[in-house]
Amino acid sequence: MRIGVFFCQVDQEKLINLDQIIKYADNLPGVVYTRIFGVKPKLNPEELSILLKEYAFERIVIAGDSPGYFKPVFAKAMALAGGNPHEVQLASFREHGARGEEAVERAKGILACASYAVPYSLAAIPKGAPVHPSTLIIGGGVAGIQAALELADAGKPVYLVERTGTIGGHMAMFDKTFPTLDCAACILTPKMVAVGQHDMIRLLTNAAVEGVSGIPGSYKVKVRTRARCVDLTSCISCGLCSEVCPVKVISEFDAGISQRKAIYIPFPQAVPNVYMVDADHCTYIQSDGKKCGVCLKKCPKECINLNESDLVEEIEVGNIILATGYDILDASIIPQYGYGIYPNVITAIEFERLTNASGTTGGKIVTKTMQVNKRTGEKEWIFDSTGPSPKNVAIIHCVGSRDKKYNGYCSRVCCMYSLKFSHLVKEKIPEVNCYEFYIDMRAFGKGYEEFAERIREEGTFVVRGRSATVSMDNGNMVVKGEDIVQDKVVEFPVDLVVLAVGLVPAKGTVELCTLLGLTRDPDGWFSELDYNGNPTDTERGGIYVAGMCQGPKDIPDTVAQGSAVAAGVLRSITSGRGIGHHSNLMLSEIEARAKSIHTF
Amino acid sequence: MAIRVNPRLIEDLNRFGAADVQMCYHCGDCSAVCVHTDDMFRFPRKSMRQLQMGLEKRLDTALEPWLCYYCGQCSDQCPREAHPGETMMSLRRWLINRYDITGIAGKFFRSVQTEVWTVIIMGLLTALAALGYHLFSGSIYVVDGPDAFLPSHIVHMFDIALGSVLGIILLLNALHMWSLTMKEGGEASIPWWLYIKSILQLPLHFFTQKRYAECITTKKSGLYMPWIIHLGLMWGYVTMLVLVMVFLPYLQKGPEIFWPAHIFGYLASIGLLTGVFYFIRSRLIRKYAQYHKSHSTDWVFVILLALITITGILQHIFHRTGLPVAANITYLLHLMVVVPWLLRMPFSKWAHLVYRPLAMYFAAVRKNAYAWQEKKQRSFSPDLQPI
Ligand SMILES: Cc1cc2nc3c(=O)[nH]c(=O)nc-3n(C[C@H](O)[C@H](O)[C@H](O)COP(=O)(O)OP(=O)(O)OC[C@H]3O[C@@H](n4cnc5c(N)ncnc54)[C@H](O)[C@@H]3O)c2cc1C
Ligand code: HEM
Ligand code: SF4
Ligand code: SF4
């Protein structure tokens with residue numbers, strides 16, 4: 001067979017050292033000709049066909065990143081030259097994961113397979129390597145929940161490891177979702193309950209992954225479940241324990257705007273619907289059982305065991321899905337808006353909890369009231385449902401996003417949730433003045449532009465120009481900025497400022513990366529295999545990413561990715577051939593396998 | 001009328017130092033934090049926009065760049081690292097070139113080589129002229145009096161001649177500035193008496209640079225830095241200029257110290273020395289936004305000033321301590337820097353001593369004209385509401 005190899009690139013990124021690969025190509029059996037065409041060459045089928053005819057190629061291999069782009073031209077040229085247009089093979093470097101350290105070796109393997117006209121995945125993945133049918137999902141936000149349900153409904157066992165005491169993630173904190181203003185809980189709660197009750201799902205809340213070993217298709221994972229101190233099966237969540245507990249702690253679920261006890265349930269619809277003990281704050285645990293313990297006596301089911309210890313177990317899975325979501329950037333590192341200094345400057349997530357009907361004020365939007373802490377005697381500002389409603393509310397976009405000092409990237413959801421906030425504010429306090437300070441309105445999704453228009457029509461003042469500062473003037477907060485449409489520097493007196501703070505990868509992302517041998521993109525999110533072609537796969541076959549942890553996105557996109565990763569996992573399990581991209585075979589083995597498949 | 005854009009403008013401005021203008025996404029933070037922005041003159045964001053759009057005609061009639069005192073607050077706040085303060089600085093350099101009727105300024109700003117070589121050649125020519133004179137007269141061992149190596153009456157005459165030529169060029173450039181900013185740039189026609197009304201703005205801003213003191217970063221620095229330093233430098237400079245231009249013969253008398261003249265010289269030297277030291281140091285350590293980026297002309301400016309100050313002081317010391325040869329050599333070196341420095345004057349950053357007070361003055365006139373016209377309009381049509 002006479003084979004010609006042509007190197008073509010679609011973009012400038014020169015990730016691969018072509019010299020070595022060309023040398024290798026020259027020595028491949030059948031290869032009579034190699035040539036570099038470079039980046040996005042302008043190829044003309046007629047001219048090309050002359051070359052093809054001259055060498056009388058029987059097969060052509062187009063090699064490079066995304067070489068499929070050039071296939072039509074070569075196929076046509078091949079036909080014109082009188083050859084077989086079906087003998088145009090692709091050696092897709094990037095698509096098959098030829099990057100990073102092993103890029104060159106990998107590219108050679110890919111090229112060898114293409115020269116034999118054997119699909120790379122067929123030759124490079126150890127045949128018949130058994131894939132364990134179970135899947136581990138790390139992170140129980142809406143992404144993890146969606147993936148878990150898809151897999152479990154397909155009859156595959158799932159371990160869902162969630163760091164906090166409940167699944168649901170951020171979506172569980174919201175009242176309404178943009179742009180439909182659907183009730184977030186109405187969508188999420190049924191899914192959460194389904195996860196909690198599913199036969200095929202083992203839910204490990206209050207848990208963390210501590211170690212991973214093995215290869216794609218067969219991983220051993222060490223999971224530590226921290227002592228919950230309340231029995232998962234017998235607790236009826238009557239809440240009597242919590243009533244008597246004397247310790248108050250800032251509520252994480254309420255984004256810090258209310259308090260909970262040391263024995264608590266994050267929120268009433270939590271899954272599992274079981275109380276839990278915060279060991280770091282429980283007096284009994286902290287005093288080694290010498291003090292307190294009042295909850296023990298109160299529990300009617302006797303399901304509290306304050307002496308419980310952590311459980312470390314090893315589970316076996318075939319695939320791993322990462323769905324660890326995001327955190328909010330710490331707004332107090334941005335000095336000009338006075339977060340942490342002025343009590344009525346709050347973050348978006350705090351606002352979500354404030355406006356949530358199940359939140360501390362019952363969904364009433366108020367400004368903070370001052371209170372003297374009885375124990376410490378210090379002044380505190382708290383949200384109290386009897387507090388005054390704000391008359392002027394400012395919502396500031398892009399706080400810490402698209403800002404080179406903090407996050408250079410766009411957090412993608414802030415424009416829309418900010419508009420949602422305006423709607424909620426105006427709905428609850430009709431006479432309020434609501435200002436949105438924005439730089440560019442990113443209303444990119446289905447129905448989003450219409451949503452933005454609707455908010456404008458509702459009477460929100462949408463000010464083009466991110467305000468520069470929040471300051472205090474005679475006890476009044478003043479937001480100052482340039483309205484670049486009106487061409488004026490303006491000052492707005494307001495009594496509540498909501499900061500649309502940017503998003504960052506969840507805490508622990510770096511650790512997970514080292515644990516799993518993954519890479520992060522320059523902004524810190526998990527790197528996907530290929531942004532366009534394989535957005536939920538990673539370069540470690542058998543490990544997938546879904547939802548916000550791959551990059552900022554809204555709920556619809558998150559849910560779509562949750563389903564997409566399930567497809568990837570099911571593909572790997574049903575094909576019984578391990579998973580796509582990462583091969584642990586040596587180059588010589590790949591060559592041999594490709595050759596044998598070819599002759600066979 | 002529509003304005004014709006110049007899409008290449010931004011590339012040109014690049015050479016004047018505005019490298020990051022395209023980064024700006026118009027959040028308006030910079031204008032909001034700038035204390036000098038007001039209802040009539042809003043910057044730096046608007047200037048950034050005009051630059052991005054290539055609105056050349058808008059920019060060369062603008063006063064805004066001169067109303068900026070480069071405190072750097074805007075650059076500190078800018079989320080895009082677009083360096084709005086440096087853009088205003090670059091616009092000033094560009095405007096100096098625009099106002100200049102000879103076109104020399106543009107050559108200096110656009111090319112370091114041209115500027116440095118011109119300085120060197122001018123310096124050498126000065127030396128040549130002095131040595132040429134030395135062939136006929138003067139002794140290297142004499143510093144003062146008619147037999148001096150460089151006798152003060154000749155130097156004085158030369159100073160005045162040079163000063164006058166450059167003064168005239170500067171005046172013409174200032175006139176050009178007026179015609180650009182007030183004739184072409186001002187929307188309203190301005191009655192002459194409004195010019196009289198605000199005339200005091202000129203000396204006020206020249207002698208105090210009071211707006212410099214109003215910048216947030218200046219206030220934050222505690223000691224009113226760098227305003228106070230600049231004030232010392234500027235007063236020192238003006239004092240020295242007067243001494244040299246008017247009282248040079250007294251200054252060069254000697255070798256004993258002539259207190260009535262020299263005391264001013266000493267005070268001026270302190271101002272000059274601290275000034276150049278401060279600015280050079282700031283540009284080296286680059287701690288504050290306004291010194292992050294140094295255009296080549298910034299360096300040439302401060303270095304020449306430093307050399308002038310140091311050689312002047314050394315010459316004085318050598319002269320008074322009975323080291324005539326050393327004194328004469330340093331004097332020659334001094335003149336070798338002074339001549340190019342003076343020759344550069346209308347074409348360099350230093351022209352700001354004229355343009356800045358003028359701009360402040362013009363801005364006041366424009367504001368008054370605007371108010372006056374509004375009043376006039378209202379008296380014609382009483383229903384018309386001001387916008
Ligand atoms: C203020 C605000 C309002 C928003 N409003 C809307 C809206 O109205 N509509 C909309 O479409 N989108 C909205 N979004 C975006 C939406 O929140 C996200 O798209 C969605 O929540 C992403 O889900 P997720 O599952 O990827 O991440 P998350 O919801 O963050 O869930 C991640 C889960 O993983 C867990 N986890 C993290 N690390 C680990 C670990 N190492 N081990 C175990 N578990 C871990 C976390 O505890 C969490 O439960 C909003 C975002 C914000 C900030
Ligand atoms: C004899 C007169 C003057 C001299 C010698 C002088 C000298 C200088 C020097 C050395 C610098 C610092 C350059 C650097 O940062 O490296 C400077 C900057 C500055 N000067 Fe002057 N100056 C004079 C007059 C004035 C006047 C009259 C004003 C204002 C009305 C003014 C305003 C400024 C301002 C705002 C800066 C900082 C911003 C910039 O560099 O443009 N100066 N000047
Ligand atoms: S702060 Fe920066 S990005 Fe914002 S308008 Fe000014 S120059 Fe542009
Ligand atoms: S440098 Fe200072 S004076 Fe100049 S525009 Fe920026 S904030 Fe205003």
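The values are calculated or read from the model by the stated rules, or taken from the named source; none is laboratory data. Just so it is clear, the model here is predicted, and its values are computed rather than measured. Please note: Cβ atoms are built from the backbone with ideal geometry, for glycine as well, and neighbour counts cover all protein chains shown.
Applying the criterion of at least 3 residues that are hydroxyl-bearing (S, T, Y) to the helices (runs of 4 or more DSSP H) found wholly in region B:186-280 leaves B:227-251. Only one entry of B:A359, B:A306, B:A364, B:A327 meets the criterion of being touching a residue at least 12 places away in the same chain (Cβ under 8 Å), part of a helix (DSSP H, G or I) and closer than 25 Å to B:Q113 by Cα, and that entry is B:A306. The set of residues in region B:202-239 being within 7 Å of ligand 2 (Cβ to nearest atom) and either closer than 22 Å to B:A363 by Cα or within 14 Å of chain A (Cβ to nearest Cβ) (or both) consists of B:H205, B:F206, B:Q209, B:Y212. The set of residues from region B:47-74 being within 11 Å of ligand 3 (Cβ to nearest atom) and under 15 Å from B:L13 (Cβ atoms) comprises B:S47, B:M48, B:R49, B:L51, B:Q52. All of B:S164, B:S189, B:S152 fail the test of being loosely packed, with under 13 Cβ neighbours inside 10 Å and farther than 22 Å from B:P357 by Cβ, apart from B:S189.
Taken as a whole, the condition of being of a type outside the set (S, T, Y), crowded, with 21+ Cβ neighbours inside 10 Å and more than 14 Å from chain A (Cβ to nearest Cβ) applies to B:W94. Residues that are at pLDDT 90 or above, among the aliphatic types (A, V, I, L, M) and within 32 Å of the chain's Cα centre (by Cα) occur in region A:110-124; there is at least one.
The test for being crowded, with 18+ Cβ neighbours inside 10 Å, at pLDDT below 95, under 24 Å from the mean Cα position of the chain (by Cα) and outside the structural domain of A:P179 (by TED's automatic domain parsing) holds for A:R442. Checking each residue of region A:115-125 against the condition of being away from ligand 1 (no atom under 13 Å from the Cβ), touching a strand residue (DSSP E or B) at 6+ places or on another chain (Cβ under 6 Å) and at positive phi gives at least one match. Filtering region B:8-59 to residues that are within 14 Å of A:G481 (Cβ to Cβ) and acidic (D, E) leaves only B:D29. Of all residues in region A:407-466, those satisfying the criterion of being farther than 28 Å from A:C549 by Cα, of a type outside the set (A, V, I, L, M) and in contact with a Ser or Thr (Cβ under 6 Å, 6 or more places away or on another chain) are A:C434, A:T460. I'd like to check something: does region B:327-340 contain any residue that is surrounded by fewer than 17 Cβ atoms within 10 Å (Cβ to Cβ) and away from ligand 2 (no atom under 16 Å from the Cβ)? The answer is no; no qualifying residue exists.
Collect the residues in region A:455-479 that are within 29 Å of the chain's Cα centre (by Cα) and more than 14 Å from every other protein chain (Cβ to nearest Cβ), keeping them in residue-number order. Across region A:455-479, the qualifying residue is only A:I455. Of the helices (runs of 4 or more DSSP H) contained entirely in region A:42-155, those carrying at least 3 residues that are in contact with a helix residue (DSSP H, G or I) (Cβ under 7 Å, 6 or more places away or on another chain) and under 30 Å from A:G542 (Cβ atoms) fall at A:103-115, A:120-124, A:142-153.
In contact with a strand residue (DSSP E or B) (Cβ under 9 Å, 6 or more places away or on another chain), more than 16 Å from ligand 3 (Cβ to nearest atom), under 26 Å from B:T218 (Cβ atoms) and not small (G, A, S): is that true of B:D39 in this structure? Here the answer is yes, as B:D39 does meet what is asked. You will find that of B:M88, B:M48, B:M23, B:M122, the residue that is away from ligand 4 (no atom under 15 Å from the Cβ) and closer than 30 Å to A:Q336 by Cα is B:M23 and no other. For region B:20-41, the candidate set comprises residues that are more than 20 Å from B:Q290 (Cβ to Cβ) and surrounded by fewer than 21 Cβ atoms within 10 Å (Cβ to Cβ); within that set, the residue that is farthest from the other protein chains (Cβ to nearest Cβ) is B:Q22. Taking the condition of being acidic (D, E) and more than 17 Å from the chain's Cα centre (by Cα), how many residues in region A:486-539 meet it? Of the residues in region A:486-539, 3 are acidic (D, E) and more than 17 Å from the chain's Cα centre (by Cα). Summed over region A:480-538, residues that are under 30 Å from A:F383 (Cα atoms), within 14 Å of chain B (Cβ to nearest Cβ) and surrounded by fewer than 23 Cβ atoms within 10 Å (Cβ to Cβ) total 4. Among the conditions (1) free of Cβ contacts under 8 Å to residues at least 60 places away in the same chain; (2) away from chain A (no Cβ under 12 Å), B:P79 misses just one, which is (2).
Scanning region A:540-564 for residues that are under 14 Å from A:T324 (Cβ atoms) and more than 12 Å from the chain's Cα centre (by Cα) returns a single hit, A:I543. Of all residues in region A:234-262, those satisfying the criterion of being over 25 Å from A:F351 (Cα atoms) and in contact (Cβ under 8 Å) with a residue 60 or more places away in the chain are A:S234, A:C235, A:I236, A:C238, A:L240, A:C241.
Filtering B:S282, B:S269, B:S294 for residues that are touching a Gly at 6+ places or on another chain (Cβ under 9 Å) and either within 16 Å of ligand 3 (Cβ to nearest atom) or in contact (Cβ under 8 Å) with a residue 12 or more places away in the chain (or both) leaves a single hit, B:S269. If I filter region A:197-207 for residues that are touching a residue at least 24 places away in the same chain (Cβ under 8 Å), under 22 Å from A:Q286 (Cα atoms), within 24 Å of the chain's Cα centre (by Cα) and assigned to a strand (DSSP E or B), do I get at least one hit? Scanning region A:197-207, I find at least one residue that is touching a residue at least 24 places away in the same chain (Cβ under 8 Å), under 22 Å from A:Q286 (Cα atoms), within 24 Å of the chain's Cα centre (by Cα) and assigned to a strand (DSSP E or B), so the answer is yes. Residues in region B:42-55 that are more than 14 Å from chain A (Cβ to nearest Cβ) and either among the hydroxyl-bearing types (S, T, Y) or buried (at least 21 other Cβ atoms within 10 Å of the Cβ) (or both): B:L51 only.
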